[in-house]
Amino acid sequence: MNELQKSIIYLNGVGPNRHSLLKSEFGIDTIQDLIHFFPNRYIDRTKFYKINQLSNLTSEIQIIGSITNLRTIQNKNKSRLIASFQDETGSIDLIWFRGHKWIGSNLKLNTPYVIFGKINSFKNSINIPHPEMELLSSFKSKKRVSFNTIYPTTEKLINSGITQNILRKMFYDFFESQSKLFRESLPRSILNGLNLISKDLALKNIHLPESNDLLAKAQKRLKFEEFFYLQIQILIKNNERKNKIKGYVFSHVGTFFKNFFHQHLSFNLTDAQVRVIKEIRKDLGTGCQMNRLLQGDVGSGKTIVAFMSMLISIDNNYQSCLMVPTEILAQQHYKLIKNLAAKINVKVAIITGSINKNKRIPILENLKLGKIDILIGTHTLIEDSIIFKNLGLAIIDEQHRFGVAQRSRLWRKNILPPHILVMTATPIPRTLAMTLYGDLDISIIDELPPGRKIIKTVHRDDSKRLSVFNFIKEEIKMDRQIYIVYPLIEESEKMDYKDLMDGYESISRSFPLPEYKLSILNGRMKNKDKEYEMKRFINGETQIMVSTTVIEVGVNVPNASVMVIESSERFGLSQLHQLRGRVGRGNNQSYCILMTGNKLSPDSKLRINTMVKTNNGFEIADVDLKLRGPGNIMGTQQSGVLNLKIADIAKDQELLVLARKSAKKILDSDENLEKTSNQCIKHTLAEIETFKNIWNYIS
Ligand code: ADP
Ligand code: MG
């Protein structure tokens with residue numbers, strides 16, 4: 001058995017008790033597990049501060065100086081010991097609340113000490129409670145580590161006496177007694193090319209750093225390795241999928257596509273749209289099933305890409321469907337696509353929950369007979385009653401509302417799975433996307449159609465409401481329409497509902513009939529009523545839409561020019577960005593007004609400022625990722641990406657990109673990892689498989 005696979009019981013100082021505690025708290029069973037239990041913090045013990053530098057520090061610090069005065073202060077029935085500690089720049093109090101008799105009688109006055117502790121600030125002054133103290137003479141005579149490692153811990157470990165010192169000693173003993181245990185897991189070419197240190201050196205220095213420089217190198221090496229193996233597994237799975245899952249061959253681009261492209265397209269496609277259509281076109285011709293994610297900011301023109309992809313399907317005698325999350329959206333897409341399709345004699349139909357049986361029957365029949373080319377609808381499209389003659393391409397808009405399971409339900413209806421294109425307007429950073437959506441290829445529209453006016457975004461607090469309302473009146477005079485959105489967050493739904501209603505009343509007072517007409521929309525309304533209100537707004541019969549976030553997804557009213565978001569500090573960044581995307585869809589200059597109270601948390605401030613500063617969904621997604629961590633980004637919960645031991649998807653994106661590139665390069669030239677130089681990869685992958693590490697999710 002490999003030395004590393006032995007239980008930690010074999011280590012000095014670890015008995016059954018500690019073993020079972022470490023196992024239950026952190027899953028540490030073998031020596032291998034222990035070695036991959038990394039510190040989450042390091043304290044540099046080579047760095048000394050002067051007392052006059054301490055006031056803004058919150059971490060552990062080290063200073064050299066002498067005690068000039070010792071006193072006990074009695075306060076009711078509690079007492080504390082205070083020492084004035086001085087260096088050449090100033091003085092600070094050291095405080096003991098416990099054990100001060102013993103401490104007091106052992107401390108030497110006017111003798112140099114090294115003290116180590118955490119700064120505590122109390123009523124405008126700072127002190128150091130319960131510092132570690134060592135005479136400078138003794139400090140100098142000992143060989144010592146440069147860093148104190150701080151490991152993750154739990155209440156249980158602390159209470160059972162497994163302190164940081166005990167943990168440190170376990171590693172110290174281990175590395176003292178062993179050397180060269182770790183097989184190198186990265187090929188020479190990568191180590192040299194990226195200037196990475198060996199695995200042995202990295203693991204040793206992550207636990208017992210010799211210097212700042214080596215610590216940084218160790219972290220880089222181990223983070224890279226973690227990303228590299230994540231990526232290489234994703235890429236291998238991708239290759240397997242591509243080789244395995246057969247799909248319909250759309251061999252050519254025919255007259256429907258060409259006709260539309262040359263004669264009926266009313267604008268020039270952006271370069272990004274052209275590139276993406278080419279990527280899709282290529283996938284469709286390979287004979288393997290396409291599984292592609294199309295990311296594009298709100299308004300980047302995904303619909304036309306979807307439509308033209310469907311034309312390729314029709315050119316090859318296959319049907320297509322477009323699935324969207326809401327009834328309103330389905331209707332909008334239907335109207336738009338029906339108009340485009342009419343020009344080239346393509347048959348389009350719609351099926352949603354509210355379309356009754358009688359209307360459905362002929363649609364279902366024609367669908368079965370292949371007389372309908374494009375079917376648009378909500379999730380009703382995956383119902384059993386809906387049977388295509390030959391579904392070749394399924395497009396899913398606003399991906400986050402549909403899970404993988406729902407996606408695959410579309411497959412059952414075919415001999416082969418249809419090609420799948422998933423479109424999302426919630427951009428996530430590319431690095432995260434390629435890690436999360438290991439099972440999807442990714443296309444990105446990173447360019448808006450020309451001539452778009454940038455939406456002007458401003459932040460206003462409640463005291464400016466009057467001037468905001470006046471501004472809205474000006475816009476309405478110019479025949480524009482306005483959204484005013486209130487938050488609705490489930491846990492406080494009742495209160496939010498009241499906010500909405502109060503808001504609605506106050507708005508009705510400021511914008512009275514007959515001059516102004518309002519629509520109101522909220523989640524409690526019946527679908528029928530919602531649609532009625534939405535239609536009135538879409539048709540321009542009302543000028544102001546007061547609503548909760550139900551209007552968030554996809555709704556298109558090009559004449560709307562102002563989006564007011566109430567209590568905007570309560571929204572997440574991606575939601576704010578989605579909401580803002582409801583305006584700026586026409587030719588008019590559009591505005592987004594973020595209303596807040598006047599007290600904001602630092603995070604809220606950053607969110608609001610980010611919105612004011614940029615319109616770019618990818619930049620916003622980046623900030624969002626950094627603020628919330630990958631855990632809260634859509635789709636990460638079930639993915640296992642969170643279980644990374646040392647790398648951080650948000651903070652280490654550059655390394656992630658490097659790892660992706662390196663992994664791709666290796667597989668491109670050696671798909672089955674047969675080269676001698678790549679045996680270390682094959683070996684490590686086999687190990688990962690056997691240890692059933694964190695990677696299960698990829699499949
Ligand atoms: P989204 O990506 O948010 O779904 P849409 O597909 O709804 O965006 O497109 C937004 C608007 O931009 C639509 O009115 C569409 O007709 C228009 N549009 C799309 N592509 C172009 C282009 N290349 N040039 C000009 N306008 C375009
Ligand atoms: Mg859209």
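Read the figures in this text as sums done on the coordinates, not as results from a lab. The structure presented is a predicted model; accordingly, all values stated were derived computationally and were not measured. Glycine gets a Cβ as well: all are built from the backbone with ideal geometry, and neighbour counts include every protein chain shown.
Here region 27-104 and region 459-486 have alpha carbon centers that stand 55 Å from each other.
The trypsin sites (Lys or Arg not before Pro) of region 1-70 that DSSP puts in a loop, and whose beta carbon has at most 14 other beta carbons within 10 Å, are K6, K47, K50.
May I ask you to sort T676, T46, T542 by Cβ crowding, counting other Cβ atoms within 10 Å and putting the fewest first?
Fewest-to-most ranking of T676, T46, T542: T676, T46, T542.
Between K118 and I361, full extension at 0.36 nm per residue minus the direct alpha carbon distance yields a gain of 80.0 nm. Placing dummy labels 7 Å off each Cα toward the beta-carbon, the span from E3 to N390 is 6.4 nm. Seen against the Cα atoms of the chain and their longest principal axis, helix 164-177 is set at about 80 degrees.
With a ≥ b ≥ c taken as the square roots of the eigenvalues of the C-alpha gyration tensor of region 46-143, please select rounded if a/c is under 1.5 and otherwise prolate if a/b is larger than b/c or oblate if it is not?
Oblate.
Residues of region 562-593 falling in the label zone of D461, defined by backbone nitrogen less than 15 Å from a point 7 Å along Cα to beta-carbon, are 567-569. Taking Cα atoms only, the orientation of helix 465-477 departs from the longest principal axis of the chain by about 20 degrees.
Rounded to the nearest 10 degrees, what's the angle between the helix 357-369 long axis and the longest principal axis of the chain, both from Cα atoms, 0 to 90? With both axes taken from Cα atoms, the answer is about 90 degrees. Between N40 and N339, the distance separating the two model label sites (each 7 Å from Cα on the Cα→Cβ line) works out to 5.4 nm.
Remark on M423: its backbone amide H falls under 5 Å from those of L294, I396, D397, E398, Q399, a criterion applied only to residues 5 or more positions apart or on other chains, H modelled at 1.01 Å from N. Under 5 Å between amide hydrogens, built in the peptide plane, is the criterion, and for C288 it picks out G247 among residues at least 5 positions away or on other chains.
Dipole size of the chain about its Cα centre, with +1 on Lys/Arg Cβ and -1 on Asp/Glu Cβ: approximately 140 debye, rounded to the nearest 20. For the pair S55 and V274, the difference between a 0.36 nm per residue extended length and the Cα-Cα distance amounts to 73.1 nm. Ranking of S561, S510 by neighbouring Cβ atoms within 10 Å, starting from the fewest: S510, S561.
Applied to region 338-347, the Karplus parametrisation 6.51 cos²θ - 1.76 cosθ + 1.60 on θ = phi - 60° returns per-residue 3J(HN,Hα) values of 4, 4, 5, 5, 4, 5, 10, 6, 9, 8 Hz, with x for Gly and Pro.
What ranking do S506, S604 get, fewest neighbouring Cβ atoms within 10 angstrom at the top?
Neighbour counts put them in this order, fewest first: S506, S604.
Each Cα pair under 8 Å and six or more residues apart adds its sequence gap; the mean of these over the residue count of the chain is a relative contact order of 12 percent. Close amide-amide hydrogen proximity is noted between T457 and C592, each under 5 Å apart and 5 or more residues distant or on a separate chain (H modeled in the peptide plane; Pro and chain starts excluded). Of the peptides 316-328, 266-278, the order by per-residue mean of other Cβ atoms within 10 Å, starting with the highest, comes out as 316-328, 266-278.
What pairs from K278/K664; K143/K217; K389/K530 go past 31 Å between their alpha carbons?
Over 31 Å apart, Cα to Cα: K389/K530.
Rounded, prolate or oblate, given the Cα gyration tensor of the chain, with a/c below 1.5 counting as rounded?
In terms of gyration-tensor shape, oblate.
How high is the FRET efficiency between E240 and T614 when r is their beta carbon distance and R₀ equals 56 Å, given to the nearest 0.05? The computed FRET efficiency comes out at 0.90. Under the simplified labelling scheme, the K143-I73 pair shows an inter-label distance of 4.4 nm, with each label point 7 Å from Cα along Cα→Cβ.
Length gained on full extension, I415 to L191, computed as 0.36 nm times the residue gap minus the Cα-Cα distance: 76.0 nm.
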